[in-house]
Every structure is written in structure tokens, then in C-alpha cells.
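Participant: First, the structure itself, so that you have it in front of you.
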Amino acid sequence: VRWRRWLGIACSFAGVLVMGLDPALFQHWLSLALVIASAFVGALGLIAVKRLPEFTPLEIQAWFAWISMPLLALATWLIERPTLIDLQRVGIVGWSAIAFTALAASLLAHTGFYWLVQRYPVTSVAPITVLSPVFSVAFSVWLLGDRLTPRLVAGGALTLLGVLVITWRERRLADTGT
């Protein structure tokens with residue numbers, strides 16, 4: 001990783017920080033710590049996925065699902081204490097959200113992401129994940145009517161600029177064969 005790629009990565013993450021870092025966030029330091037820990041574990045997971053070329057991305061996703069399902073079910077039961085009555089109250093919007101999360105996000109998007117991770121350098125693929133907050137903001141403005149602030153625009157622009165720098169650098173390396 002050379003300085004231009006580091007610059008692109010730093011720019012992308014700076015954009016995410018500009019969009020999401022609110023001073024009120026520090027009042028919820030435990031939540032912030034959990035998000036940071038989650039990002040760290042996710043980074044370790046990407047390295048592990050990179051070292052599993054004998055597994056197809058769909059097999060990797062299936063193993064992640066089977067391993068995480070009992071842990072998440074236990075955590076849900078301990079934290080939320082759901083009942084059968086709660087499940088009966090879930091409407092079509094709730095079940096549609098669950099189906100979208102399971103099929104589109106987990107099955108399609110993660111499988112595709114693992115396919116990319118196995119074929120390209122992690123430093124080239126990982127910055128794609130910083131686009132998630134950009135899309136989240138865009139969809140919240142479009143679908144939920146949230147207000148687009150200058151801070152969100154600046155953060156989104158920084159994020160996209162960082163991804164662009166990384167992409168250009170990858171393109172130049174591919175074109176020169178280095």
C-alpha cells in the first residue's frame with residue numbers, strides 16, 4: 001500500500017466521520033465502542049476470507065449464517081425478550097424488511113463482496129464498504145424525507161473522492177502491469 005492508496009482510504013474514512021460523527025455520540029460511548037469493535041472484527045474477518053480460497057463465497061456466507069444464527073437468536077432473546085404476541089404484530093413491512101435483509105443484503109451483497117475479496121487486494125475492495133453511509137443518507141433523504149445538511153454533503157463528497165482516488169490508483173496499476 002503506497003501513499004496514494006492510504007490517502008484515498010483516509011479520505012474515505014474522513015468522509016464517513018464527517019457524516020456520522022456527532023458530538024452527542026460521545027454521550028453513548030458504549031455504543032460507539034461496540035461499533036469500533038465491530039469494525040475491527042470485520043477487518044479481521046476480511047483477512048480470514050481472503051485466506052480461504054478453497055471455499056466459494058456462497059459457502060463462506062452459509063457458514064457465517066449457521067455459526068451466527070444461534071448466537072444472534074440468544075442475544076435477541078436475552079436483550080429484547082420477544083414473545084409470540086410480538087411476532088404476530090409484525091406487519092408486511094416488518095417481514096419485508098427481514099426478507100430484504102436476509103436475501104438482498106446477506107445472501108447477494110455479502111456473497112458478492114466475498115467474491116471480490118478473494119480476487120482483488122483487500123485494500124482495493126474494503127473502501128467500497130464506506131459507500132454504505134453515503135447510500136444510507138441518500139435513501140433516508142429520498143425515502144424518509146430526512147433533511148440533507150451541508151455536513152452530510154461534505155462527508156459524502158469526501159467519501160466518494162477517497163473511493164475515486166483508490167479506484168484511479170488501481171486502474172493505473174492495472175494499466176501499467178505493476
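The values are calculated or read from the model by the stated rules, or taken from the named source; none is laboratory data. Keep in mind it's a predicted model, so treat the numbers as computed, not measured. So basically every Cβ, Gly included, is an ideal-geometry build from the backbone, and we count neighbours across all protein chains shown. SASA here: full protein model, heavy atoms, side chains in, ligands and nucleic acids out. Shrake-Rupley method; radii C 1.70, N 1.55, O 1.52, S 1.80 Å.
Participant: Kindly list, by first and then second residue, each pair from a residue in the range 98-125 that is under 28 Å from Gly8 (Cβ atoms) and basic (Lys, Arg) to a residue that is modelled with pLDDT under 90 and open to solvent by less than 50 Å² (accessible area, probe 1.4 Å), limited to pairs with Cβ atoms under 9 Å and residues at least 6 apart or on different chains.
Facilitator: Arg119/Val125
Participant: Also, I was wondering about something else. Can you name the condition, by its number, that Ser132 falls short on among (1) of a type in the set (Gly, Ala, Ser); (2) more than 20 Å from Ile47 (Cβ to Cβ); (3) open to solvent by 40 Å² or more (accessible area, probe 1.4 Å)?
Facilitator: (2)
Participant: Continuing with this model, one more query. Would you be able to say whether some residue in the range 34-49 is under 16 Å from Leu116 (Cβ atoms), in contact with a His (Cβ under 9 Å, 6 or more places away or on another chain), touching a residue at least 24 places away in the same chain (Cβ under 8 Å) and in a helix (DSSP H, G or I)?
Facilitator: The answer is no, given that none of the residues of the range 34-49 is under 16 Å from Leu116 (Cβ atoms), in contact with a His (Cβ under 9 Å, 6 or more places away or on another chain), touching a residue at least 24 places away in the same chain (Cβ under 8 Å) and in a helix (DSSP H, G or I).
Participant: Which number in (1) part of a helix (DSSP H, G or I); (2) over 30 Å from Pro150 (Cα atoms); (3) touching a residue at least 24 places away in the same chain (Cβ under 8 Å); (4) not small (Gly, Ala, Ser) marks the one condition that Pro53 misses?
Facilitator: Here Pro53 clears every test but (1).
Participant: Can you pull out the residues in the range 70-98 that are hydrophobic (A, V, I, L, M, F, W, C) and within 24 Å of the chain's Cα centre (by Cα)?
Facilitator: Within the range 70-98, Leu71, Leu72, Ala73, Leu74, Ala75, Ile79, Val93, Trp95, Ala97, Ile98 qualify.
Participant: Determine whether the range 10-31 contains at least one residue that is farther than 24 Å from Leu160 by Cα, open to solvent by 100 Å² or more (accessible area, probe 1.4 Å) and not in a helix (DSSP H, G or I).
Facilitator: no
Participant: Output the residue which, of all residues in the range 116-129 that are hydrophobic (A, V, I, L, M, F, W, C) and open to solvent by less than 60 Å² (accessible area, probe 1.4 Å), is modelled with the lowest pLDDT.
Facilitator: Applying the filter and picking the extreme gives Ala126.
Participant: Another question, then. Identify, from the list Leu71, Leu158, Leu164, the residue that is touching a Cys at 6+ places or on another chain (Cβ under 7 Å), in a helix (DSSP H, G or I) and of a type outside the set (Ser, Thr, Tyr).
Facilitator: Unique residue meeting the criteria: Leu158.
Participant: Does the range 49-72 include one or more residues that are acidic (Asp, Glu), open to solvent by 90 Å² or more (accessible area, probe 1.4 Å), touching a helix residue (DSSP H, G or I) at 6+ places or on another chain (Cβ under 9 Å) and at pLDDT 85 or above?
Facilitator: No, because not a single residue in the range 49-72 is acidic (Asp, Glu), open to solvent by 90 Å² or more (accessible area, probe 1.4 Å), touching a helix residue (DSSP H, G or I) at 6+ places or on another chain (Cβ under 9 Å) and at pLDDT 85 or above.
Participant: Sort out which residues of the range 87-129 are in a helix (DSSP H, G or I) and farther than 21 Å from Phe64 by Cα, and write them in order of number.
Facilitator: Leu87, Gln88, Arg89, Ile92, Val93, Gly94, Trp95, Ser96, Thr123, Ser124, Pro127
Participant: Filter the range 141-178 for residues that are of a type in the set (Asp, Glu) and modelled with pLDDT under 80; which is nearest to Met19 (Cα to Cα)?
Facilitator: Only one residue tops the list, namely Glu170.
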